[in-house]
Every structure is written in C-alpha cells, then in structure tokens.
Amino acid sequence: MHFRNKKWFILIILSLIWGSSFILIKKGLIGLTPLQLGALRIVFSAIFIFIFGFHTLKSIPTNKWKWLIISGFIGTFFPAFLFAFAETEIDSSIASILNSLVPLNTVLLGFAIFKIASTKRQIIGVIVGFIGTALLIGSGAQLNPQQNYLYAGFVLISGVMYGLNVNIIKRYLQDVKALGIAFGNFAAIIIPAFIVLVFTDFFKAETFQNPIVVTSIGYIVLLSAFGTALAKVLFNKLVQMATPVFASSVTYLMPVVAVGWGLLDGEGFSVWQVLATMLILLGVYLANRKN
C-alpha cells in the first residue's frame, strides 16, 4: 500500500475503533465502578500487548525507558480513569467531542514545551476550538440539567495529557517500534493498575456471580482488545509515519462515530451542540491545515 494511502487507512480505522470506545465505556459502567473499569481496561490491554509484543523488549534502548514510562502514565494510565469518571455524569457522545480538542492541545503544548513553531492560523484555530468547547459544555448542561458537567473537565485534562504524549512520542521515541512503545507503556502501568483493582474489592466471589457485572466485563474486554491495545499500536505507528498534528486529527471522525452510537442509545443532541461541534472541528481544521 502506498505510504500516503496507508497513513489515511490507519487514520480511518482508528476513528472507527476509538469512536466506538465511548459507548463501550458507558456500557461498562453499568456494572463496574470507574476505578474498576479503568484498571480492568489497562490490565486486559496489557495482557493483549504482552502476548503480541513481548519480543520487542530486547529492541528497546535502555535510555528510552524513562520516556516510555512517562508516556505510559500520561497517555494511557490516567486517561483510562479520567474518562471512566467523566462518563458517570456526561453522555458518551459529548465525551468524544471534547476529546476532539487533542490536536489543539498538541499545537499548544508543542509550542509551549517543545518549541515547535505555531502559525497565526493555528492560534486562531485553538481559539475557535475552545469557544466551541465552552458552547458545547454550556448547551449540554442546559439540555441535561441532571448531569454534572463539571465532569467534562476530566475529558479536558485527558486531552492535555494526550497532546503531551503525542509530542513525547514524536520527539523522544521516534526510533522505537510502535509495538515496542505500547509494550513499554503497559509494562510500566500494569502493576499500578492491578493494585488499584485489588483495592476496589473486584476479586470478591459475588462480583462474578452478578450477570450485569459479567456483561460489563465483556464490554471492557472488547474495549481493551481493540480500543486500547490494537489502537495504541496503530496510533504509535501513525505518529511515527506522519506529523503529531495529523496523527491527532483522528478526532475529526471519532465524534461522528460516537454521536451515532449515542443517538442509537437514546442520548439527546441539540442544535446548539451541533453548532458547538462544528466550531470545535473548524478549530481543529485551522490548526491542522497546511500552508
């Protein structure tokens, strides 16, 4: 497959996988607590990654482990829990749209920390995107007054972490294989995740006697295998093949998939939220558009 076509193919596959992740989180929370969901997601994903990626261990340079550990925590560990807590209060479709801010965070963090030059158009894109964010949160709070939209902040924090992680991979892990990055990430975070799981009393006998919990675990297995493990490898590969901002633009298509799942699941979506989404995506487009 031609390099350019392969780049876009991976982008589309990632959009479909990650766009479906938000509804899987929502379904998983029916029988699991946010801490259990986040920890299980990491543990299951690590198992899948270890099975297919253990052979990459010897190829990882010793001086890269510091960045692999940092990348693992900010790019996977903390967001897994933050998204779970966020979706206890906000709709899965809203979480996906707020996640679209990742390219804007990538631009801001690239400029502020990694000294990557930004254009005036990119700065305008960031401003437009965050205006759309404010409108989305405000309109969502009015449409769903029973929901606590302060929890949207968890998604915004995750977006900053994702943006930082993209720049770290591009700057410090460019010469490590995509599967090797994923292996290193999960090797660093599986033990902390398992400790969290133990302290949630997940391993009590009655847990596995509840059919609702068992069904929720099934959703998290799907989320882990595709939405975390496979997607993590594909995303690392995309970051290495393309620019950080192009890789982050997977969030263009994710909201379309996620909103579709949300509507099928009975979530409301107002005209103002449509307008806010368009503003966010316009901001992302301006920040990502080439000269």
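The values are calculated or read from the model by the stated rules, or taken from the named source; none is laboratory data. From a predicted model like this one, the values you see are computed outputs, not experimental measurements. Please note: Cβ atoms are built from the backbone with ideal geometry, for glycine as well, and neighbour counts cover all protein chains shown.
Worth a mention:
- Every test in (1) modelled with pLDDT of 80 or more; (2) among the hydrophobic types (A, V, I, L, M, F, W, C); (3) not in a helix (DSSP H, G or I) is passed by ALA95 save one, and that test is (3).
- Pair list, Cβ under 6 Å, 6 or more apart: the range 12-37 residue under 18 Å from SER100 (Cα atoms), other residue modelled with pLDDT under 90 and assigned to a loop (DSSP other than H, G, I, E, B): SER15/LEU253
- Residue in the range 134-143 that is among the aliphatic types (A, V, I, L, M), at pLDDT below 80, within 19 Å of ALA247 (Cβ to Cβ) and more than 13 Å from the chain's Cα centre (by Cα) present: no
- Test: residue in the range 43-55 that is touching a residue at least 12 places away in the same chain (Cβ under 8 Å), crowded, with 24+ Cβ neighbours inside 10 Å and within 30 Å of LEU263 (Cβ to Cβ): yes
- Boolean, LEU281 is closer than 30 Å to PHE52 by Cα, buried (at least 20 other Cβ atoms within 10 Å of the Cβ), at pLDDT below 85 and not charged (D, E, K, R): no
- Answer from THR133, THR88 - the residue that is outside any helix (DSSP H, G or I) and hydroxyl-bearing (Ser, Thr, Tyr): THR88
- Residue list for the range 183-209, filter: at negative phi and assigned to a loop (DSSP other than H, G, I, E, B): THR200, PHE202, PHE203, LYS204
- Filter result (out of contact with any Asp or Glu (no Cβ under 9 Å at 6 or more places or on another chain), modelled with pLDDT of 90 or more and either outside any helix (DSSP H, G or I) or not small (Gly, Ala, Ser) (or both)) within the range 18-35: LEU24, ILE30, GLY31, LEU32, THR33, LEU35
- Of everything listed in (1) of a type in the set (D, E, K, R); (2) touching a Phe, Trp or Tyr at 6+ places or on another chain (Cβ under 6 Å); (3) more than 20 Å from GLY262 (Cβ to Cβ), the single unmet condition for LYS27 is (3).
- Among (1) in contact with a Lys or Arg (Cβ under 8 Å, 6 or more places away or on another chain); (2) at pLDDT below 85, the one test that LEU101 misses: (1)
- Filter pass, PHE183 being crowded, with 22+ Cβ neighbours inside 10 Å, modelled with pLDDT of 85 or more and farther than 23 Å from GLY28 by Cα: yes
- Condition broken by ILE195, with the remaining ones in (1) touching a residue at least 60 places away in the same chain (Cβ under 8 Å); (2) within 28 Å of ILE47 (Cβ to Cβ) satisfied: (1)
- Number of residues in the range 72-101 that are over 13 Å from the mean Cα position of the chain (by Cα) and polar (S, T, N, Q): the value is 2.
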